4 protein chains.
Amino acid sequence: MNSATGAKAKIGLIGLGLMGRPMGLNLLKAGHALTVWNRTPARAEALVAAGASQAASPRAAAEACDVLITIVSDPSALQEVLWGKDGAMSGLRRGGIYIDSSTVSPALARKISAACAERGARFLDAPVTGGTWGAEKGELVFMVGGEAATLAEAEAVLGVLGKKWFHLGPNGAGQTIKLAMNLILALQVDALAEALALVGGAGIAGEKLVEVLQSSMARAAVLDVKAPLLLKGEYPPSFPLRLMHKDLGLALDLANQIGVPLPATAAAREIYSSVKGAAKEDLDYAAVMKFWKG
Amino acid sequence: MNSATGAKAKIGLIGLGLMGRPMGLNLLKAGHALTVWNRTPARAEALVAAGASQAASPRAAAEACDVLITIVSDPSALQEVLWGKDGAMSGLRRGGIYIDSSTVSPALARKISAACAERGARFLDAPVTGGTWGAEKGELVFMVGGEAATLAEAEAVLGVLGKKWFHLGPNGAGQTIKLAMNLILALQVDALAEALALVGGAGIAGEKLVEVLQSSMARAAVLDVKAPLLLKGEYPPSFPLRLMHKDLGLALDLANQIGVPLPATAAAREIYSSVKGAAKEDLDYAAVMKFWKG
Amino acid sequence: MNSATGAKAKIGLIGLGLMGRPMGLNLLKAGHALTVWNRTPARAEALVAAGASQAASPRAAAEACDVLITIVSDPSALQEVLWGKDGAMSGLRRGGIYIDSSTVSPALARKISAACAERGARFLDAPVTGGTWGAEKGELVFMVGGEAATLAEAEAVLGVLGKKWFHLGPNGAGQTIKLAMNLILALQVDALAEALALVGGAGIAGEKLVEVLQSSMARAAVLDVKAPLLLKGEYPPSFPLRLMHKDLGLALDLANQIGVPLPATAAAREIYSSVKGAAKEDLDYAAVMKFWKG
Amino acid sequence: MNSATGAKAKIGLIGLGLMGRPMGLNLLKAGHALTVWNRTPARAEALVAAGASQAASPRAAAEACDVLITIVSDPSALQEVLWGKDGAMSGLRRGGIYIDSSTVSPALARKISAACAERGARFLDAPVTGGTWGAEKGELVFMVGGEAATLAEAEAVLGVLGKKWFHLGPNGAGQTIKLAMNLILALQVDALAEALALVGGAGIAGEKLVEVLQSSMARAAVLDVKAPLLLKGEYPPSFPLRLMHKDLGLALDLANQIGVPLPATAAAREIYSSVKGAAKEDLDYAAVMKFWKG
């Protein structure tokens, strides 16, 4: 098969965390040849058991594939994977496609794009929403920046991992939209937390607020999911607070580079920071409530 | 009829603005005897034409009814109506019910409650959501503070105006929940505005963000309604920004009295204030976007 | 003597707190006839022992004097003193001068001004800086709104209490400048607290920061006084946090009425609110540090 | 001479901006042998005319000296100078001293420290206050992180450039204190701007506020210098707003890494960002006032 992304493409996958592992399983189920790499090699076991090859380095993973996918936790992890010792960038094939589904800065996405272009590879920044559940079910939503033709070629692979993708502009556009989306989510949950803190401080059960909320224009998908956590005060990590806090930082970095003030986002980021600073364990970002009920 | 609130009760209605007029029409349609008063008397014309009596003063309106309803724009308007010259409080009947559907402070609701008790009247603070549309269709939602028995008696009247009511606690609880609800709405719309400002500043069309939003966990009822306004930059007043700004002020007043910090609410209030200060006309609160695209 | 404010004027003083008592003693020392009133009568003892008459009501205090001075803790206390039962406003003499040195809203100052004009009395809003120390030494600074001629006549009395006064404009101007001044003080001390929190969180002793501060352009009169308190974590009330918090609220109320956004003031107010909410005792506003080191 | 830093040491200086040039002239006047490098070579002319040698690369400058000093505008400029093509780090001598007087993150200072240690060189992070004026007069104040013994050896050089230095802890401590200092300055000037916006919005001349300020506890060294600029609305760059904005970003980055919330700093940073975004020219950070009076 000539196409880099045909139904039986050789795919590399770097980053085998809560998102990467189910994505890898779906790629294997769809019949793709999969080569994986993870900083902590043990995380690859389930995928190797399911048929994946384990590469010795990011570079080796990149060399073994037509389509490379990365999904790691933050910009520094991505930079290490790409440009650290035996980094993936040095293994990318001419004509190959590299899809990064991490959430990083648009500036980093553009830097990667330029580095790929130098090697004759094509790049899509394609961060996702949908969480672990979406990764498992193959129902992720991709926010894509890059060339339309590259996206068209990548759709066969993306279609295994998700049901929807949005082409949002040149490289960096996917990350920009992702940061904007997470900004909205972070403020929605913080708004509920502030409202619950107010109501609780005034002596009224938070359940009353949530009950009214669900009959009102203030209802929101994320609040349906998170409100029960805030009421119970239990925050098992689905989307970890440390990552939401990081994404707010990336959104504010971008905004400050371009001189767009984001006053409520900035205020909320400090609250998430405070909770992160005091946390002893990994918590969902709904734990923003702990700013008031630590 | 013995009940103060039977199907054919005598009802007083003070405040004939965008909410009060359709509420009055629904009360008349349901067969209630309605006496109305408004600071600007001409606003009563449509209701008088439909069969309402026009009182000469708030006091006269209160004297003429078993159930008094007020819905005015802010705390000072309400205080003037109740305790100003020929104020309604001095006309309330022993055994009557007074329902305030304005949005004011919980402290004012409790002060009204105490004044009613001195006169042998019963009070419900019952602010509403649903907007003009809900007022017209009789689909308002009431957030009620006060005695359960009083609410039970008032349900025949509330049922003409709305489909749902929530009993949230003693007097003041209705206002507290209403302020918390509006805080959430104000932050949701501000969050969308901040996200659009970021995306636009980065050179991406806001429509792209809204398209992704609607496929994501960040979707929210209020954003479905307001996003088109923000994209068009047209803000015909549905819920006026000046009233949302006032409600944020009331929420912050309450929070500061009880020592509950609301950082993002406080940040958002200043943005709404800035837009209010620069506005030449009455705008919907979606006009918070004008902070960035004035 | 014809002048209302000659060296031996009859003076009324309402509000015998930490500021009012030393002010009263200075007035007595200067030979003025002094009539005092306080909500808690026992607070008048020292002044009565020093020669003051104790009035039975605010009204009686106002009736007994040519120049009435009030200095109470907040707007509601002032309204009660002026318009409550046997309130001072009803006792003001035609041609008399009324000086309010409380910190209240400019709007309330203008309302008082109008009420005085109706009675033929003249009004100065004249809040002070200088604290207890300035009150004791007769070194207060007055920020004055009102007619220049009234101020000229009042100078003989002000000169007993302070060394400086500034005529800032019509009634309300004194309060406006006072609120702006306290806004600056509150942010200066909060800035030091944020800087100490940052430095401490990074593992460096706060003393290092304060040492450098004192050799730098960041040095400030209020920081010289407050920095030792923040370093020790001891906050005996000099200017109580609850009053600074109230003044920030008044500044924000004014700003929001006129549509001037004050983002950092709003952020700082929430911090002061949080500390106020958690405080078990009366603390100086330097206790804003407790937001980080509770 | 054995000492690396004796009165006639060989000194390298990289970064010949508003600060670096006068520092270089003072080093030449004191009789030191000076080798300089700047990204824009023409900036070296005055120093070469005064006797300095111009190096062909940062590496060459480092190789030519016993004590290397860098003072560039931001972290990325510093990283380029140190680790870019022919970077200075590769030229540092075993036993030499490297002093960085740029303002960068404590994390970068520690990274530099580790890199120096690998080469057998010693590092001081030594950001300065005092501005262009202090650089010209040799009255800079150094905030130093690093080994006390290294500082002792460097004092002969520092003493040419400044009158004071503070040893604040291990590497990174100088930068931490510098960021905390600038946070205080930025908030002081923003506080004055907010106060002037409030006063002006209420119809009172800003000069009135500044006059009272100077007789009050709110007086501050930086406000003496900046208040006239805010009143005139003219902001010739002394300390450029873009650099203050960058330093607020560094302070917030540090705070968010360690989980210390800085609410007012975060609010102020967005204001500076807004002004930076709208600015057509280089302005002093006093131009924060343009947020209100653009």
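Annotations
- In the range A:242-268, the residues that are at the interface with chain D (Cβ under 8 Å from one of its Cβ atoms), closer than 19 Å to B:GLN188 by Cα and in contact (Cβ under 8 Å) with a residue 40 or more places away in the chain: A:HIS245, A:LEU262
- From the options C:GLY172, C:GLY162, residue that is in contact (Cβ under 8 Å) with a residue 24 or more places away in the chain, at positive phi and under 18 Å from the mean Cα position of the chain (by Cα): C:GLY172
- Filter pass, A:ALA220 being at the interface with chain B (Cβ under 8 Å from one of its Cβ atoms), in contact with a Gly (Cβ under 7 Å, 6 or more places away or on another chain), hydrophobic (A, V, I, L, M, F, W, C) and buried (at least 24 other Cβ atoms within 10 Å of the Cβ): no
- No other residue among D:GLY277, D:GLY200 is surrounded by fewer than 20 Cβ atoms within 10 Å (Cβ to Cβ), in contact with a Gly (Cβ under 8 Å, 6 or more places away or on another chain) and away from chain A (no Cβ under 14 Å) apart from D:GLY200.
- Cβ-Cβ contacts under 9 Å between residues 6 or more apart (or on different chains), taken from a first residue in the range D:33-58 that is free of Cβ contacts under 8 Å to residues at least 24 places away in the same chain to a second residue that is of a type in the set (S, T, N, Q) and outside any strand (DSSP E or B), are listed as D:GLN54/D:ASN38.
- Selection status of B:LEU108, surrounded by 17 or more Cβ atoms within 10 Å (Cβ to Cβ), in the same structural domain as B:THR132 (by TED's automatic domain parsing) and closer than 23 Å to B:PRO237 by Cα: no
- Residue in the range C:69-76 that is out of contact with any strand residue (DSSP E or B) (no Cβ under 7 Å at 6 or more places or on another chain), acidic (Asp, Glu) and modelled with pLDDT under 95 present: yes
- Screening C:MET1 on (1) surrounded by fewer than 21 Cβ atoms within 10 Å (Cβ to Cβ); (2) at pLDDT 95 or above shows it passes everything except condition (2).
- Residue in the range C:232-245 that is under 19 Å from B:LEU248 (Cα atoms), surrounded by 22 or more Cβ atoms within 10 Å (Cβ to Cβ) and at pLDDT 95 or above present: yes
Each row is one residue, and each column tells you yes or no for (1) under 22 Å from B:GLU139 (Cβ atoms); (2) out of contact with any Phe, Trp or Tyr (no Cβ under 8 Å at 6 or more places or on another chain); (3) assigned by TED's automatic domain parsing to the domain that holds B:GLU155.
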position: B:GLN54; (1), (2), (3): no, no, yes
position: B:SER73; (1), (2), (3): yes, yes, yes
position: B:GLY84; (1), (2), (3): no, yes, yes
position: B:SER113; (1), (2), (3): no, no, yes
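- Extreme residue, farthest from the chain's Cα centre (by Cα), among residues of the range B:280-294 that are closer than 22 Å to B:GLY131 by Cα and in contact (Cβ under 8 Å) with a residue 24 or more places away in the chain: B:MET289
- Criterion: in a helix (DSSP H, G or I) and more than 7 Å from chain D (Cβ to nearest Cβ) - qualifying residue of C:ASN182, C:ASN171: C:ASN182
- Inter-residue pairs, beta-carbon under 8 Å, first under 30 Å from A:LEU198 (Cα atoms) and in the range B:90-107, second at pLDDT below 95 and hydroxyl-bearing (Ser, Thr, Tyr), 6+ apart: B:ILE97/B:THR5; B:SER102/B:SER73
- Pick from the range C:113-130, criterion within 14 Å of chain D (Cβ to nearest Cβ) and in contact with a Ser or Thr (Cβ under 6 Å, 6 or more places away or on another chain), ranking: farthest from C:ALA173 (Cα to Cα): C:THR129
- Test: D:ALA156 is more than 7 Å from every other protein chain (Cβ to nearest Cβ), of a type outside the set (Val, Ile, Thr), over 30 Å from C:LEU262 (Cα atoms) and free of Cβ contacts under 8 Å to residues at least 60 places away in the same chain: no
- Options C:LEU161, C:LEU229; residue that is surrounded by fewer than 23 Cβ atoms within 10 Å (Cβ to Cβ), among the aliphatic types (A, V, I, L, M) and more than 8 Å from chain D (Cβ to nearest Cβ): C:LEU229
- In a residue-by-residue description of the range A:125-137, the property of being over 17 Å from B:SER215 (Cβ atoms), among the aliphatic types (A, V, I, L, M), under 18 Å from the mean Cα position of the chain (by Cα) and not assigned by TED's automatic domain parsing to the domain that holds A:ALA251 applies to no position.
The values are calculated or read from the model by the stated rules, or taken from the named source; none is laboratory data. What you are looking at is a predicted structure, and each value in this text was computed from that prediction instead of being measured. Heads up, the Cβs are rebuilt from the backbone with ideal geometry, glycines too, and the neighbour counts pull from every protein chain shown.
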